[in-house]
Amino acid sequence: MPTLTRELRKTLERVVKDARRVAEVGARKAIEQLAVHRDAWPNQSEDQLALRRRLLAHGRQLGDRPSEKKGERSIDKLVGECAYEHWHRLLFARFLAECGLLIEPTSGVAITLAECKELASEEGVDWLTLASRFAQRMLPQIFRADDPVLEVSLPPETRQELEALVTSLSQEVFLASDSLGWVYQFWQAERKDAVNAAGGKIGADELPAVTQLFTEDYMVDFLLDNTLGAWHA
């Protein structure tokens with residue numbers, strides 16, 4: 001498989017950085033509408049309250065804590081994970097579709113991008129929304145069925161912006177062997193720059209941003225040739 005050209009890599013970087021900003025704004029809005037950051041709203045339904053309780057528990061697991069303001073709590077980590085999961089589910093859906101690996105669950109066979117769009121039209125949904133459902137069923141270890149953040153409904157304008165960003169990428173991006181590695185690094189890029197600029201102590205919250213870096217093929221080959229390869233020789 002080919003690797004990304006310089007131009008495609010720059011385009012992917014811009015799109016992923018834009019996606020993180022858009023997704024985090026939308027995720028915060030949706031989570032606040034569920035009153036996860038404060039006491040429950042008086043008119044919330046039982047389903048909303050049940051999801052709110054699960055999000056609260058998940059936020060505590062991630063490290064969110066009560067705020068200094070009485071009756072309020074931090075949701076920063078929950079917002080970050082919600083944004084990340086929704087964006088990457090969309091992205092994986094496009095990866096699978098472009099590589100001919102998107103499985104339609106009823107028939108159990110791979111469908112093309114055109115067929116996915118046709119099915120979506122019949123169901124009256126966006127094709128990326130439908131493809132995301134298929135991707136989640138295909139990759140249960142990556143997108144867990146019981147993950148509460150994936151049950152959060154992002155605002156319509158956020159979904160539209162994210163879908164536009166995914167569709168703006170050319171097919172070549174999804175057929176390159178190094179795209180996924182760059183995707184994860186670019187997601188952390190702005191956070192990494194902010195942590196480094198602050199010059200403070202690197203703690204648990206900062207560690208992922210400054211250490212999750214993508215290693216290009218030529219460097220992997222160099223390391224293998226000069227470690228295991230040299231030992232074998």
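The values are calculated or read from the model by the stated rules, or taken from the named source; none is laboratory data. In this text the structure is predicted, and so the values were computed from the model without any measurement. All Cβ positions, even for glycine, are placed from backbone atoms using ideal geometry, and neighbour counts span all protein chains on display. SASA here: full protein model, heavy atoms, side chains in, ligands and nucleic acids out. Shrake-Rupley method; radii C 1.70, N 1.55, O 1.52, S 1.80 Å.
At Q61 and S168, where each label point lies 7 Å from the Cα along Cα→Cβ, what is the point-to-point distance in nanometres?
3.4 nm
Once Lys and Arg get +1 and Asp and Glu get -1 on their Cβ, which of A35, A50, A23 lies farthest toward the positive end of the dipole of segment 1-61?
A23
Between K69 and K17, what length comes free when the chain is fully extended (0.36 nm per residue of separation minus the Cα-Cα distance, one decimal in nm)?
On the way: separation 52, 0.36 × 52 = 18.72 nm, distance 3.14 nm.
Additional length available on full extension: 15.6 nm.
Considering only the other residues whose Cβ falls under 14 Å of the Cβ of L51, what net charge follows from Lys and Arg at +1 and Asp and Glu at -1?
In short, -3.
Taking θ = phi - 60°, what integer Hz values does the Karplus form 6.51 cos²θ - 1.76 cosθ + 1.60 yield along segment 51-57, in sequence order, with x for Gly and Pro?
With the stated coefficients, segment 51-57 comes to 5, 4, 4, 5, 5, 4, 5 Hz.
Taking the solvent-accessible surface of protein heavy atoms with a 1.4 Å probe, what is the per residue accessible area of segment 85-185 in Å²?
Value returned for segment 85-185: 46 Å² of accessible area per residue.
Using the Karplus curve 6.51 cos²θ - 1.76 cosθ + 1.60 with θ = phi - 60°, work out ³J(HN,Hα) for each residue of segment 115-120 in order, rounded to whole Hz, and write x for Gly and Pro.
5, 5, 5, 5, 4, 5
Taking 0.36 nm per intervening residue step and subtracting the Cα-Cα distance, what contour gain separates A114 from E157 on full extension?
So the extension gain works out to 13.0 nm.
Using a 1.4 Å probe over the heavy atoms of the protein chains, calculate the carbon and sulfur portion of the accessible area of segment 35-192 as a whole percent. List each step's numbers first, then the result.
Numbers: 4090 of 8170 Å².
Exposed carbon and sulfur together represent 50 percent of the surface.
Protein chains only, probe 1.4 Å: how do S67, S132 rank by accessible area, largest first? The partial results should precede the final answer.
Numbers: S67 50, S132 10 Å².
Heavy-atom accessible area, descending, gives S67, S132.
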